[in-house]
Structure formats: C-alpha cells, structure tokens
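Since the structure comes first, as structure tokens, the remarks are kept for the end.
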Amino acid sequence: MATLEVVMEIGVRDLRDHLSRHLADVRSGRTVTITDHGKPIARIVPVDRLTALEQLRNEGRIQPARQRKQSTVEPVHSVGTVSDLIDEQRR
C-alpha cells in the first residue's frame, strides 16, 4: 500500500525568509517544492525517503553498471605541437 506524500509548494523568497520552518516541515515528512515565478525548480525531500532510482535498485528492477563506460575517442598520436596539427588539417 502506497503512503500519501504531502507536498508543499513555496516560492524562493518564502524559502529564504522562513527556511527553518520549511526545514521543520521536511523533518516531519513533508516534501517541499521550490518555485521560481510559479515554475517548480527544486524539491527538498526527507533524507530517509528513497529516491525513485534507489527504490528501483532495491526492488531489483535495475542494477548499477558493472564498469564505467570507456571513451570511444581514439587518441591522436603526432609529432609537433597542436598548432602544427591545425595547420596540417587546414591544408
């Protein structure tokens, strides 16, 4: 059964002016969405709440990459300076 998440929307100025109060709301389990001119720009969530990514990982629906993606760019081996390479390519 899913729990009901309480979400509050506040503007940047309100966040700045009442930060302690809004952090207390987050501590009590609420999610605070920050807006700038009415558009959502950030979200403050309780630290003990799993993110969607963490939830998917815990459910076994996704798994971290086994190794880092390798660069696909082949290094350029040359004798001389970068300026020499540029001059050579311009010809």
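Given the rule -39500 (n - 2.57) for each run of at least 4 DSSP H residues, summed and divided by the residues of the chain, what is its mean residue ellipticity at 222 nm, to the nearest 500 deg cm²/dmol? Walk me through the intermediate numbers first.
Details: 4 runs with 31 residues, N = 91.
Result for the chain: -9000 deg cm²/dmol, rounded to the nearest 500.
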For the residue pair Val76 and Arg43, what label-to-label distance in nm results when each label sits 7 Å from Cα along the Cα-to-beta-carbon direction?
4.4
At a 10 angstrom cut-off on C-beta neighbours, averaged per residue, how do the peptides 12-18, 31-37 rank from highest to lowest?
31-37, 12-18
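Give the percent of DSSP beta bridges with both residues in the chain that are antiparallel, rounded to the nearest 5. Each step should come with its number before you reach the end.
Details: 5 of 10 bridges.
Bridges in the chain are about 50 percent antiparallel.
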Tell me whether the chain comes out rounded, prolate or oblate; compute the Cα gyration tensor, take square roots of the eigenvalues as a ≥ b ≥ c, and use a/c under 1.5 as the rounded threshold.
oblate
Length added when fully stretched, Leu19-Arg68, from 0.36 nm per residue minus Cα-Cα
13.8 nm
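Bear in mind these aren't lab numbers, they're just calculated from the coordinates by the rules spelled out. No experiment lies behind these values; they were computed from the predicted model shown. Methodologically, a virtual Cβ is constructed for each residue, glycine included, from the backbone with ideal geometry; neighbour enumeration extends over all protein chains shown.
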